[in-house]
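The values are calculated or read from the model by the stated rules, or taken from the named source; none is laboratory data. What you are looking at is a predicted structure, and each value in this text was computed from that prediction instead of being measured. Here Cβ is always computed from backbone atoms with ideal geometry, including for glycine, and neighbour counts include all displayed protein chains. Side chains included, ligands, DNA and RNA excluded: accessible areas come from the protein's heavy atoms. Shrake-Rupley method; radii C 1.70, N 1.55, O 1.52, S 1.80 Å.
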Amino acid sequence: MLLLALACAAWVSVPLVSVFLHVFASGTGDTWAHLASTVLPEYVVTTLWLCVGVGLGAGLLGVGAAWLVTRHEFPGRASFEWALVLPLAMPAYVMAYTYTDLLQFVGPVQTALREAFGWKRADYWFPDVRSVGGAVAMFVLVLYPYVYMLARTAFLERAGALVEVARSMGLGPWQSFVRVSLPLARPAIAAGMALALMETLADYGTVAYFSVQTFTTGIYRAWFSLGDRVAAAQLSVVLLAFVALVLMIERFSRGRSRYDDASARRRPAPRLPLQGSRAALAVAACAVPLVLGFALPAALLLRMAWSDGDAQFGPRFLQLAGNSMLLAGCTAVLAVALALLIGYAARLHQGAPMRWAHRVVGLGYALPGTVIAVGVLIPVARLDNLLADALRQHFGWQTGLWFTGTIAALVYACLVRFLTAAVQSVDAGLARITPHMDDAARSLGHGPLATLRRVHLPLLRGSALTAGLLVFIDVMKELPATLVMRPFNFDTLATQTYTLATDERLAEASTAALAIVAVGLVPLVVLCRQIARGQSASVS
């Protein structure tokens, strides 16, 4: 079992190794020099602006909302506490399409302004949503829940006694937040911002639709437009450097400080009642990101699907949904199987090899989909060609591409990207099973496989289902890797939404986009119920 787990970890690391090896490959020719002298500086500057804007925006919205719902009492607070995570169900590229339809020159907002005031195009200025600032706004509205969830948990878990002591020393609510609560929650906030930034770096649909030049669009152009896989690999490594920088900043932000809560008093701090204008401001501060990040885009999609109709709805939609579910289902089943193998092997063998295997498996989620696509396509395409040549020479068989010509390579890429979510869920389930049960099974003569089958699997049923659900949802929403690696005539809901939106056929894209959002709501409903139960327990 140890060898199988190590083999799986090595298999997952192949795309990353492939990308790095091709950085030093010959044949890059003039493509890399052309990219470096023309668009590479723009990629770097734009990516830095996106990271700064999304980091600050998601941090302010997430921390501010978490502080309001955990430290204050105002109308609707209990509902906002769980509803503020709903924007996670809205993919950023879907958000970009809906707001473009709303805010563009021929959209309802600018049309209403011109009709109301009699303006013409040259008579007024309106911000362009298809810009770097517009992309930052889309990412902030979708990704702030990462910061919100982790900051909320940190504010609740810190002992209320610390806040009470600060108040007894004469610190007001704002001073207590800045000098006590915020420093203690800094690791959680930094982790949430790192997750938001990695999602920003991995995005392709939003920046491509807004014509914002980033590394993901550059990788796609180098591979498909210029036909240079080496240049695509080199751009992928530069993008990985940004990802590594984000992770290093998150780690170094902790420094040598310790954040242990040594207090034995675990009761939550009393909430400060807000009334009048302060209560109204608190409600508005929580409602604005929820409305802009979920309610308004969902309503716009429903309006387009209902009033304008969708020519894609019908047999074509069912085919797209079937393709998406086939891809997501195959990936989820394989991810759960591999996660059980790796998690159980780590339980049996707690040495350095399995620790490194766990780290290698965890790299996938930090890699953007375009990078994984490049890393998978290079070795798999070569394997396809070698296999086809060998079969033709030795047996005279004219076979097609077995891997890149089917969804096999795409499933592989999605496994590399999202296996981390399954492994973490299985690890959490295994951690709740006492080692004494393993000892008891061995004393009854059961080997490792029998113990897994008869003891652990029944207890891990819930964790395995959760792992499969998380991977299923992530694959349904995945765009960059699917767009790059899908075989001929194999479209999914995500790729169809992107294609139709790129052609400015937003009404036709609305049904597929709504289906993606509806599927993404499933795990969030479970998460919201857990938040509500946790809040009820803390109150009681």
_Residue satisfying condition, being open to solvent by 80 Å² or more (accessible area, probe 1.4 Å), of a type in the set (Gly, Ala, Ser) and at pLDDT below 85, within set Ala311, Ala269_ = Ala311
_If I ask for residues that are among the polar types (S, T, N, Q) and surrounded by fewer than 24 Cβ atoms within 10 Å (Cβ to Cβ), which ones from region 475-494 would you list?_
Asn489
_Search result, residues across region 122-132 that are open to solvent by less than 70 Å² (accessible area, probe 1.4 Å) and in a helix (DSSP H, G or I)_ = Val132
*Look through region 366-386, keep the residues that are open to solvent by 60 Å² or more (accessible area, probe 1.4 Å) and not basic (Lys, Arg), and return whichever of them is farthest from Thr206 (Cα to Cα).*
Leu386
*Tally the residues that are at pLDDT below 75 and either part of a loop (DSSP other than H, G, I, E, B) or in contact with a strand residue (DSSP E or B) (Cβ under 7 Å, 6 or more places away or on another chain) (or both), restricting the search to region 447-474.*
1
*State the number of residues belonging to region 180-200 that are closer than 17 Å to Ala65 by Cβ, open to solvent by less than 20 Å² (accessible area, probe 1.4 Å) and within 11 Å of the chain's Cα centre (by Cα).*
1
*asked:* Would you confirm, using the coordinates I've provided, whether Thr38 is of a type in the set (Val, Ile, Thr) and surrounded by 19 or more Cβ atoms within 10 Å (Cβ to Cβ)?
replied: no
*asked:* Exactly one condition in (1) in contact (Cβ under 8 Å) with a residue 40 or more places away in the chain; (2) open to solvent by 30 Å² or more (accessible area, probe 1.4 Å) is false for Val291; which is it?
replied: (1)
*Within region 349-365, can you find the residues that are open to solvent by 10 Å² or more (accessible area, probe 1.4 Å), over 13 Å from Leu6 (Cα atoms) and either touching a helix residue (DSSP H, G or I) at 6+ places or on another chain (Cβ under 6 Å) or without any contact (Cβ under 8 Å) to a residue 60 or more places away in the chain (or both)?*
Gly362, Tyr365
*Pick from Thr511, Thr502, Thr497: which is modelled with pLDDT of 80 or more, within 28 Å of Thr370 (Cβ to Cβ) and open to solvent by 60 Å² or more (accessible area, probe 1.4 Å)?*
Thr502
*Of these, Ala298, Ala335, Ala346, Ala305, which one is of a type outside the set (Asp, Glu), assigned to a helix (DSSP H, G or I) and within 30 Å of Val63 (Cβ to Cβ)?*
Ala298
*What do you reckon, is Ala58 part of a helix (DSSP H, G or I), surrounded by 20 or more Cβ atoms within 10 Å (Cβ to Cβ) and modelled with pLDDT under 80?*
no
*Can you find a residue in region 428-443 that is closer than 21 Å to Gly329 by Cα, touching a helix residue (DSSP H, G or I) at 6+ places or on another chain (Cβ under 7 Å), open to solvent by 50 Å² or more (accessible area, probe 1.4 Å) and free of Cβ contacts under 8 Å to residues at least 60 places away in the same chain?*
no
*Restricting attention to region 66-121, report how many residues are in a helix (DSSP H, G or I), surrounded by fewer than 17 Cβ atoms within 10 Å (Cβ to Cβ) and among the acidic types (Asp, Glu).*
1
*Cβ-Cβ below 8 Å, separation at least six or inter-chain, first residue in region 490-513 and closer than 25 Å to Thr406 by Cβ and free of Cβ contacts under 8 Å to residues at least 40 places away in the same chain, second surrounded by fewer than 21 Cβ atoms within 10 Å (Cβ to Cβ) and of a type in the set (Lys, Arg): which pairs?*
Thr495/Arg486
